[in-house]
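Mind looking over this structure? Questions follow.
The values are calculated or read from the model by the stated rules, or taken from the named source; none is laboratory data. Everything numeric here is computed off the predicted structure, so don't read it as measured data. Because the Cβ atoms are built from the backbone with ideal geometry, glycine has one as well, and the counts that use them run over all protein chains shown. Only protein heavy atoms, including side chains, enter the accessible area calculation; ligands, DNA and RNA are left aside. Shrake-Rupley method; radii C 1.70, N 1.55, O 1.52, S 1.80 Å.
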Amino acid sequence: TSVRQMASQMKDMRQSINDIEDERLKALMAGLRGSNMNSDDFASTTTRMNLMEMQRDADDDEQLPLTYNPDAIAAYWGRRPVSIITRILQLGGIAGGFMSRLVWDALTGRLKDTEIDRAIDLRNIVTSLGPAYIKLGQALSIRPDLLSPAAMNEMQKLCDKVPSFDSNLAMAVVKEELGMPWQEAFAELTPEPIAAASLGQVYKGKLKTGEDVAVKVQRPYVLETVTVDLYIIRSMGLTINKYFPGVTERADVVGLLDEWAARFFDELDYVKEGENSERFAELFRTELPQLVVPRTYAQYTSRRVLTSEWLEGEKLSQSTNDDVGALVNIGVICYLQQLLEFGFFHSDPHPGNLIRTPDGRLAILDFGLMCEVDDDIKFGMIEAISHLIHRDYEAIVNDFVTLQFIPPGTDLQPILPVLAKVFDQALEGGGAKNINFQELAADLAQITFDYPFRIPPYFALIIRAISVLEGIALVGNPEFALVDEAYPYIAKRLLTTDTPRLREALRYMVYGKSNVFDADRLIDLLGALEEYSAASQSARGNMEGSLPPVSGREMRGQLGRGDGFTSTMPDSGGSTSSSGQERQQMAFPFPFPFPFPSPVPLGVPAPGSTQPGLFPAAMPMPTFVSTMLQMSPIGFVLQATNGGMPFAALPGGGVAPAAAPLGSSSSSGNTREALLFILSPQGTWFREFVMDELVKSVDALSRDQLFLLVERLGLHSVMLPVLLPGARRSMLPLAPKVTPEDRMVVDNMTKIINFLTRGQSVADVAATGPVTPQQLARQQQLVSDLMPLLPSVASEVLPQLVQRFVSRIGARLVRDVYGP
């Protein structure tokens, strides 16, 4: 399955999902894309939130923990039974009416008829119960395994906006936290908040140094309310674990609560939120410098007050500008890099946190809720993608264990047939149109009941993040395909990361289960790398060096492989793919060209340069150096990329400039980005990866050219005596044997060179004639791009190439002489 096929099939599946009448599935997709989320700055005036307004005694100096510690919370509230009873009565009074109506519906058999009404009641109740229940409801809104479609829809509308609290109280919090009245910290501050949420509210201000800022102030009694609610909910969970063990076999209620509560507690610490923002900005400073992250002013930030840079802009989901697609691409790259490279990602991805700045850049807000994953998860995601492309379902089932969908030690064999059926249906022609979704849902439901299958919290968060971006993109571009936009970053990660697991993932991606080199798959990766280079340079606003917006789908269409490169190797039947005359004319210059191309002195300085070239003009480059350059794979690629000319001039300077990083726009449009990558320092691991295939191609082409030479000299029937002791053969033919495997090797290398040279044919490469000014200009630009890279690459590659080539020849000679 190619990436293009997968993209098409995913679009088919998305359309099929939109067409089917499955309310649970539709509710899930709406929740993931944030379609039902309330984007108001304030809640309805009828909304009321009940907090635990506890007055402490003068001698009560015990403090609640500022990080999540269930034992410390239990100890604190265990010594305050009156407060616990008060909160339980408060919760009971709010929820009592709902529970009585629900019980009555059940007794009268009207649960289905009143499902929507009760879901609306539940949403209103959750809002009034306070921050912990609001956040919990939002987390449950994308869990179809736990809620009905109606309940999911209402939880997705759950408003994290509540009426603002008194600004006098807010200013008192500012004074307490910063140690000074707000007038001493800020030159200006709006008298009323510009937005309010369950945890706090935001004011717009100005520092005394002139910077516009956003000042977020935490609501009083939030810590008390959150901890008492967590204590009550956790106590209920412990009771369920003790008296209803069947429930814990399906899900560890207390474990899930603790995992969620630990992340929620982080949102209560604005110092940590500011640190998260600064860490996030630093991680992307080099990779995606166009990404905007508001600066945190640490001197005006405390646990309950956050002062950050004020950003102007509009919500990306509401923007009608034509660059939204490019901004979504940047968002996809950003979130994949967070997950698969840094292991530190934004966990509250809703449309309100993605902003388009006035100059057309993507800004990300609100870093209170972040999640970290380890290398096992990061690498496991990429391994799963490579296994899916090759339809290795047995490996995918094991990936589910690595990615924490299935506990270790589970018998995976019964799961394999169902998953294979699902994936086979989805990846066959016609994609999701061939899937019976009712049958599929039944199969998956049976798996979840029969096996401890769960959705890891980190996975739900990242899927929601990507789905929100997809939902925004689909508004303006119904043809948007997430696979097209995600694959370029996956390719970049595989091709540039030198770790044992990603090395193996790349090898599997290219070689597959059969361990056969697949040039097409490698070309897909290199093409995707170029797409990443283009996409990562887009949406830069007023920054210099911005490329025009381009989608992965459009980019892939521009990166044609070309088809003018003709193989000289015999086909599987032993015949040659072209006549002897045609082969003679092709003069393939690698590694034994016949006839040899005429070396030309290399010493012409670059246009406008006062420095001499690599060799002074008065001193031509030595003939053997020029000949070896043209005979090498690099020489062939340079000639083909340059429009078919032998290298007549290599302009240069005294000191080679540093190599441009991947994604820079300094190279010529004639020089393929993938070629620059292969020759750059970033391509070191990739060159090592393809070294075996390069040695095989050198070996195959060498024997092919030697075969032609022997045939041309009429010596094809000559046999050479073997004078080695113990040899099982006394004579060996002078003409080497050329096998179908050799043809496959050369065909693969032909495809790759075609791609790198944009389809320049060998006949064009070998063509001679006057050099036009346009050709000379292309040649000079090409050399300007590549010359800084060639010396280090040659010193690195040639010794390895020669060593492995000699070893291969030696091993074959031993087999021919002493083998059976």
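Considering only region 729-743, state which residues are under 18 Å from His716 (Cα atoms), open to solvent by 60 Å² or more (accessible area, probe 1.4 Å) and touching a helix residue (DSSP H, G or I) at 6+ places or on another chain (Cβ under 8 Å).
The answer is Lys737, and nothing else.
Go through region 75-88 residue by residue and tally those that are open to solvent by 100 Å² or more (accessible area, probe 1.4 Å) and either touching a Phe, Trp or Tyr at 6+ places or on another chain (Cβ under 6 Å) or within 25 Å of Ala151 (Cα to Cα) (or both).
Final tally of qualifying residues: 0.
Right, next: Considering only region 94-116, state which residues are open to solvent by 60 Å² or more (accessible area, probe 1.4 Å) and at pLDDT below 85.
Leu111, Lys112, Asp113, Ile116
The rows are residues; the columns are (1) at pLDDT 50 or above; (2) under 17 Å from Ala794 (Cβ atoms); (3) touching a Lys or Arg at 6+ places or on another chain (Cβ under 7 Å); (4) crowded, with 18+ Cβ neighbours inside 10 Å.
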| site | (1), (2), (3), (4) |
| --- | --- |
| Gly653 | no, no, no, no |
| Pro657 | no, no, no, no |
| Leu675 | yes, yes, no, yes |
| Ser680 | yes, yes, no, yes |
| Thr684 | yes, yes, no, no |
| Met691 | yes, yes, yes, no |
| Leu694 | yes, yes, no, yes |
| Ser697 | yes, no, no, yes |
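Right, another one. Which residue out of Ala185, Ala170 is crowded, with 22+ Cβ neighbours inside 10 Å, at pLDDT 85 or above, over 31 Å from the mean Cα position of the chain (by Cα) and under 23 Å from Met49 (Cα atoms)? Steps first, answer last, please.
On the way: Ala185 fails: under 23 Å from Met49 (Cα atoms).
Within the list Ala185, Ala170, the selection yields Ala170.
Collect the residues in region 530-545 that are crowded, with 22+ Cβ neighbours inside 10 Å and either over 14 Å from the mean Cα position of the chain (by Cα) or within 18 Å of Gln338 (Cα to Cα) (or both), keeping them in residue-number order.
Within region 530-545, Glu530, Tyr532, Ser533, Ala534, Ala535, Ser536, Ala539 qualify.
Return yes or no: is Ile120 at pLDDT 90 or above and either open to solvent by 30 Å² or more (accessible area, probe 1.4 Å) or over 18 Å from Val226 (Cβ atoms) (or both)?
Working: at pLDDT 90 or above: no; either open to solvent by 30 Å² or more (accessible area, probe 1.4 Å) or over 18 Å from Val226 (Cβ atoms) (or both): yes.
No.
Please go through (1) at negative phi; (2) touching a Lys or Arg at 6+ places or on another chain (Cβ under 7 Å) for Gly343 and return the number of the only condition it doesn't satisfy.
(1)
Let me ask something additional. When residues of region 324-354 are filtered for being free of Cβ contacts under 8 Å to residues at least 60 places away in the same chain and under 20 Å from Glu309 (Cβ atoms), how many remain?
Of the residues in that region, 3 qualify.
Separate question: Within region 703-711, is there a residue that is among the β-branched types (Val, Ile, Thr), at pLDDT 85 or above and within 29 Å of the chain's Cα centre (by Cα)?
No, every residue in region 703-711 fails to be among the β-branched types (Val, Ile, Thr), at pLDDT 85 or above and within 29 Å of the chain's Cα centre (by Cα).
Listed residues Tyr221, Tyr203; which is at pLDDT below 95 and among the aromatic types (Phe, Trp, Tyr)?
Exactly one of Tyr221, Tyr203 is at pLDDT below 95 and among the aromatic types (Phe, Trp, Tyr), namely Tyr221.
Kindly provide the set of residues from region 408-433 that are closer than 22 Å to Ser386 by Cα, of a type in the set (Gly, Ala, Ser) and at pLDDT 75 or above, ordered by number.
Ala420
Residues of region 206-221 being more than 30 Å from Arg87 (Cα to Cα) and more than 35 Å from the chain's Cα centre (by Cα), which ones?
The answer is Lys206, Leu207, Lys208, Thr209, Gly210.
Table: residues versus (1) at pLDDT 80 or above; (2) under 30 Å from Thr684 (Cβ atoms); (3) surrounded by fewer than 21 Cβ atoms within 10 Å (Cβ to Cβ).
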| residue | (1), (2), (3) |
| --- | --- |
| Gln438 | no, no, yes |
| Phe459 | no, no, yes |
| Ala465 | no, no, no |
| Glu479 | no, no, yes |
| Ala486 | yes, yes, no |
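Just checking, how many residues over region 205-246 are charged (D, E, K, R), surrounded by fewer than 20 Cβ atoms within 10 Å (Cβ to Cβ) and part of a loop (DSSP other than H, G, I, E, B)?
The qualifying residues number 2.
Which number in (1) in a helix (DSSP H, G or I); (2) open to solvent by less than 30 Å² (accessible area, probe 1.4 Å) marks the one condition that Pro65 misses?
(1)
Give me the pairs, please: first residue somewhere in region 187-198 and closer than 15 Å to Asp212 by Cβ, second residue anywhere and part of a loop (DSSP other than H, G, I, E, B) and polar (S, T, N, Q), beta-carbon distance under 6 Å, and either six or more positions apart or on two chains.
none
Moving on. Going residue by residue through region 715-728, is there one that turns out to be farther than 30 Å from Asn748 by Cβ, of a type in the set (D, E, K, R), modelled with pLDDT of 50 or more and more than 37 Å from the chain's Cα centre (by Cα)?
Yes: region 715-728 contains one or more residues that are farther than 30 Å from Asn748 by Cβ, of a type in the set (D, E, K, R), modelled with pLDDT of 50 or more and more than 37 Å from the chain's Cα centre (by Cα).
Pairs needed: first member in region 370-398, under 22 Å from Asp484 (Cα atoms) and touching a residue at least 12 places away in the same chain (Cβ under 8 Å); second member anywhere, open to solvent by 20 Å² or more (accessible area, probe 1.4 Å) and not in a helix (DSSP H, G or I); C-beta distance under 7 Å; at least 6 residues apart or different chains.
Ile389/Thr1; His390/Lys513; Arg391/Thr1; Asp392/Lys513
Taking the residues in region 267-279 that are assigned to a helix (DSSP H, G or I) and open to solvent by less than 40 Å² (accessible area, probe 1.4 Å) as candidates, determine which candidate is modelled with the lowest pLDDT. Give the derivation first.
Looking only at region 267-279, we keep the residues that are assigned to a helix (DSSP H, G or I), and these are 267, 270-279.
Filter once more, so that each one left must be open to solvent by less than 40 Å² (accessible area, probe 1.4 Å): 267, 270, 273-274, 276-277.
On the way: Glu267: 90, Tyr270: 96, Glu273: 95, Gly274: 96, Asn276: 96, Ser277: 96.
Per the stated criteria, the residue is Glu267.
Another question, if that's okay. Is it the case that Gln760 is in a loop (DSSP other than H, G, I, E, B), of a type in the set (S, T, N, Q) and modelled with pLDDT under 85?
Yes: the conditions hold for Gln760.
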